[in-house]
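Derivation of every value follows stated rules applied to the coordinates shown; laboratory data play no part. Small disclaimer: the values here were computed from a predicted structure and weren't measured. Here Cβ is always computed from backbone atoms with ideal geometry, including for glycine, and neighbour counts include all displayed protein chains.
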Amino acid sequence: MTLAFGWAWQMWMNGHLQPTLQSSGWVTAALCMMAYTEWHIVRGRTILDGTCLRQSWVWSKRTELRDLAYAKLIRVRGLDWLIAPRLYTKTFSGKLAVFYAAAPEMLVEFQRLEKELRAQRTQR
């Protein structure tokens with residue numbers, strides 16, 4: 001966010017961005033959208049309990065564990081700081097949801113959930 005603001009300021013100072021109402025509006029709108037998204041990323045919570053997996057973010061997501069048919073943890077090890085690890089889920093009715101995580105404890109729980117679902121599929 002700070003980099004984007006600095007970039008816009010530098011463009012304005014170098015004369016590449018004229019301070020008109022239209023250009024100021026577009027830059028302000030873009031910075032507001034980035035701030036809104038950043039706020040939700042920082043304030044968002046992921047909860048995995050005995051009944052469901054839910055996450056608050058820009059939009060809230062909820063998946064009941066009893067309806068969960070598939071889960072796959074996708075991550076690029078060593079680049080977790082750049083590419084957020086995510087758990088792709090699919091319910092028996094075909095509903096897809098993606099849950100993001102950064103905390104090591106939540107990633108361990110996502111791995112455990114993926115492993116348990118895989119074990120249940122192989123037993124059937």
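The table for this structure:
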| item | result |
| --- | --- |
| Charge dipole magnitude, Cβ of K and R +1, D and E -1 - the chain, Cα centre, debye nearest 20 | 600 debye |
| Candidate aspartates and glutamates - alpha carbon under 19 Å from Lys90, same-chain residues fewer than 8 apart omitted | Asp49, Glu64, Asp67, Glu109, Glu114, Glu116 |
| Over the chain: helical MRE at 222 nm, DSSP H runs n ≥ 4 each giving -39500 (n - 2.57), nearest 500 | -15000 deg cm²/dmol |
| Segment Phe92-Thr2, extension gain: residue separation times 0.36 nm, minus the distance between their alpha carbons | 28.1 nm |
| Computed FRET value (nearest 0.05) for Ala29 with Thr122, which takes r as the C-beta separation and R₀ as 41 Å | 0.25 |
| Over the chain, volume per residue of the alpha carbon convex hull, in Å³ | 135 Å³ |
| Sites Thr51 and Asp80, calculated FRET efficiency, Cβ-Cβ separation with R0 22 Å, nearest 0.05 | 0.20 |
